[in-house]
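Taken together, the values in this text are just the output of simple stated rules run on the coordinates, not laboratory data. Note that the structure is predicted; figures quoted are calculated from it, not measured. A quick note on method: Cβ atoms are made from the backbone with ideal geometry, for glycine too, and the neighbour counts reach across all protein chains shown.
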Number of protein chains: 2
Amino acid sequence: MAEPAKSSPLSELRIALPSLPLRLQEVGRFVAANDYDATTRSMRDLAAEAGADPAAFTRLAKAIGYSGWDELRAALTEARRPSQTSPFSARAKGRRHGPNADVTLITDKLEAEAADLPRISAHAIADAARTLHGAKRIWITGYRSCRSVAELLNYELRLFRPEQVQIVGASGPDDLDLGAFSPGEAVIVIGFMPYTNASVRVAQAAYRAGTTLIAIADSVAAPMAEGADHVLLFEAASSPGFFPSLTGALAIAQSLAAVTFSLGGTAARKRLQDTEARLAAASTYVAEKG
Amino acid sequence: MAEPAKSSPLSELRIALPSLPLRLQEVGRFVAANDYDATTRSMRDLAAEAGADPAAFTRLAKAIGYSGWDELRAALTEARRPSQTSPFSARAKGRRHGPNADVTLITDKLEAEAADLPRISAHAIADAARTLHGAKRIWITGYRSCRSVAELLNYELRLFRPEQVQIVGASGPDDLDLGAFSPGEAVIVIGFMPYTNASVRVAQAAYRAGTTLIAIADSVAAPMAEGADHVLLFEAASSPGFFPSLTGALAIAQSLAAVTFSLGGTAARKRLQDTEARLAAASTYVAEKG
DNA sequence: AGAACCGTGCAACAAATGTTTCATGGCCGA
DNA sequence: TCGGCCATGAAACATTTGTTGCACGGTTCT
């Protein structure tokens, strides 16, 4: 398992796709999108559903280096075969060094993050969401790496409450927004150790302004959690790697948005539909293929 | 006698098994034990491996109530189809509308996300990281909600490779950067369905420019994955909630950065220390209390 | 413009598929 | 022991499979 990994037939297909004739690209995409049917149903059957010529499948297979459709399909079925590789196999080998050290690192990291997720307090998130639901306005803060989480939360909340949500500092220096904080509003601060001075300043301003303060942090002792009405804890340091993990923080943010949306009921749903309709009208997204 | 509920073709088979002729029992057991091969390989092929007569398979199918082997195999194929069967029946059971509905939603969401993390391909990430390690320059793209993941990846990579990493469009319109792509560089595109037109444009530009294209997506059929040298898959839709989950994408990004850092060795470590020292000198962080 | 080329759909091909028939051999009841 | 029954394997069947040759239409190069 030391070699650069034999690429799966699907990735071979994907790599070759752009350099293929138009019609072959179509069927290639169809195969990639329906690879399970590709392994089970017949070539003519697939051709009928894809609205293409049966011969195109044979030609596609040959174009990406197989002797024919039969061989491509055989490769696909082998790739799909339920692997008997137990999730512990990688760990059982227990090699910390050598060519597989990277894979081991990733596996450990993912497993640690997966183990941390269920430890997040759902009750705390639900409570915080109720607060958000009642807030007149929602401010979101996160600096450095936490900025990414802040932006996702901002993005999702604005899908159904566009005028009431914004990132601190979005329209000018952060300091300008700090003065705008007022009671009845909610401020969300995201951070973990080492804590950024700026985030603590925001938290303190929020507290002094009498807003509802929600902290997403790695510890109740975090400085931005002081005086917070809600503290949502995640595990940042249990995962290996050179940098703390933000997976937990992101999961919290997503759940927070999901419950807030749920509390919003019909009104929120309508807002979301409006937003989606506007995006569709602007043809932001790639049209779905039939 | 009432007909047993025909849950799955396999259980039908198991029930009828004892009342079958000896030879048919053998074949039936073989099918039950190798149902994946039963759906993919041919009848004669199976017969050869089972050491039985091909006709026995037709007779088996008829004996348990199917019109022939074709129909039995079709039933087995449908039973094995991956998408519809969610690994967790949590979603199947009706969502409660009581006061605990929110907590249930969060718990389900976190559990689903935790279950998806270990399914991420560590090998694919390790391969992609090796590519990043050798890249002269790294471009990162992600639009709309994926922007958050893109920014985190950008942030972490810049900690130890500051001059060689940047987000597409960071210094002006995206289009300006597209022209700057050149071989030896790597372009990372993050996206999931529905796919943004802009991200597809970036992917195509990257492909045409001959850069190494790395796609972080929810499907190998994603348009930005076409022609990609590496595709890192995450599960976006398995988690409940009004919006797809980005937890998997974030986990991938973090692992990617971690392994790339690891490959960087001493040089990367030194760069990281320099960055940290600079941040400390600017007193970005709250001083640790003794 | 002419010619060479390529992508594409159609139709015919040989091979392989699932099914059925038939002959055989063993089993049990009369 | 004979006669009917049924399970079983081998071979012949019609169908479907994947493949390939061919002609048409469009593009590109000379």
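Across peptide B:122-134, what mean number of C-beta atoms from other chains lies inside 10 Å of a residue's C-beta?
4
For region B:122-281, what is the charge dipole size about the Cα centre, in debye to the nearest 20, if Lys and Arg each add +1 at the Cβ and Asp and Glu each add -1 at the Cβ?
For this selection, approximately 380 debye.
Can you check what the net charge comes to around residue B:182, using other residues whose Cβ is under 9 Å from the Cβ of residue B:182 (Lys, Arg +1; Asp, Glu -1)?
Numbers: positive: B:136, B:137; negative: B:185.
Overall, the nearby charge balance is +1.
What gaps in nm, shortest first, separate residue A:281 from its twins in the other copies when you place the label 7 Å past Cα toward the beta carbon?
So the label point of residue A:281 gives 5.3 nm to the other copies.
Across the Cα atoms of region B:153-250, what radius of gyration and what greatest pairwise Cα-Cα distance (Dmax) are found, in Å?
13.8, 41
Applying a 10 Å radius around every beta-carbon, put A:46-59, A:238-251 in order of their mean neighbour count, most first.
The packing order, highest mean first, is A:238-251, A:46-59.
Give me the percent relative contact order of region B:9-80, please, defined on Cα pairs under 8 angstrom at least 6 residues apart.
33
Over the whole of B:216-223, what's the average partner chain Cβ count within 10 Å per residue? Rounded to a whole number, please.
Averaged over the peptide's residues, the number is 4.
Work through the residues other than residue B:244 whose Cβ is under 12 Å from its Cβ and net out their charges, Lys, Arg +1 and Asp, Glu -1. Spell out each step's value before the answer.
On the way: positive: B:109, B:144; negative: A:156, B:113, B:116, B:218, B:235.
Net of charged neighbours comes to -3.
Suppose only helical runs count, i.e. DSSP H with n ≥ 4. What mean residue ellipticity at 222 nm does that imply for chain A under -39500 (n - 2.57) per run, divided by all residues and rounded to the nearest 500 deg cm²/dmol?
Roughly -17000 deg cm²/dmol at 222 nm, from the helical runs in chain A.
Relative contact order, percent, of region A:120-281 when contacts are C-alpha pairs under 8 Å separated by at least 6 residues?
27
To one decimal in nm, how far is residue B:100 from the same spot in the other copies, if labels go 7 Å from Cα toward Cβ? Please give the shortest first.
4.2
I want the local charge near residue B:201. Using Cβ-Cβ distances under 13 Å, sum +1 for each Lys or Arg and -1 for each Asp or Glu among the other residues.
-3
Counting Lys and Arg as +1 and Asp and Glu as -1, each charge on the Cβ, what is the dipole of the protein assembly as shown about the Cα centre in debye, to the nearest 20?
That gives a dipole near 180 debye.
What does the highest-first list of B:130-136, A:208-214, A:172-178 look like by mean Cβ count within 10 Å?
So the order, starting with the most tightly packed, is A:208-214, B:130-136, A:172-178.
At q = 0.06, 0.10 Å⁻¹, what base-10 log of I(q)/I(0) does the Debye formula yield for the protein assembly as shown when every alpha carbon is treated as an equal point scatterer in vacuo?
Result of the Debye calculation: -0.36, -0.94.
Can you give the direction-averaged projected area of the convex hull of the alpha-carbon atoms in chain B, in nm²? Intermediate results must be reported in sequence, preceding the final value.
On the way: hull surface 98.5 nm².
Its Cα hull, projected and averaged over all orientations, spans 24.6 nm².
Can you list, shortest first in nanometers, how far residue B:266 lies from the same residue in the other copies, with each label 7 Å from Cα toward Cβ?
List, nearest first: 6.9 nm.
Under the rule of at least 5 residues apart or a separate chain, name every residue whose amide H is placed under 5 Å from the amide H of residue B:52.
Those lying under 5 Å, H to H, from residue B:52: there are none.
What does the convex hull of the Cα atoms of region A:9-80 come to per residue, in Å³, rounded to a whole number?
Convex hull of Cα atoms, per residue: 70 Å³.
Take each uninterrupted DSSP H stretch in chain A, measure its Cα extent along the helix axis, and return the ones at 15 Å or beyond whose mean Kyte-Doolittle hydropathy is at least 0.0. If you can, show how the numbers build up before the last one.
On the way: long enough: A:22-33 (17 Å, 0.50); A:69-80 (16 Å, -0.68); A:101-116 (22 Å, 0.04); A:122-134 (18 Å, 0.14); A:146-160 (23 Å, 0.33); A:197-209 (18 Å, -0.05); A:247-281 (34 Å, 0.33).
TM-like helix candidates: A:22-33, A:101-116, A:122-134, A:146-160, A:247-281.
Residues of A:22-29, mean number of Cβ from any other protein chain within 10 Å of their own Cβ, rounded to a whole number?
Mean shielding by partner chains, rounded to a whole number: 1.
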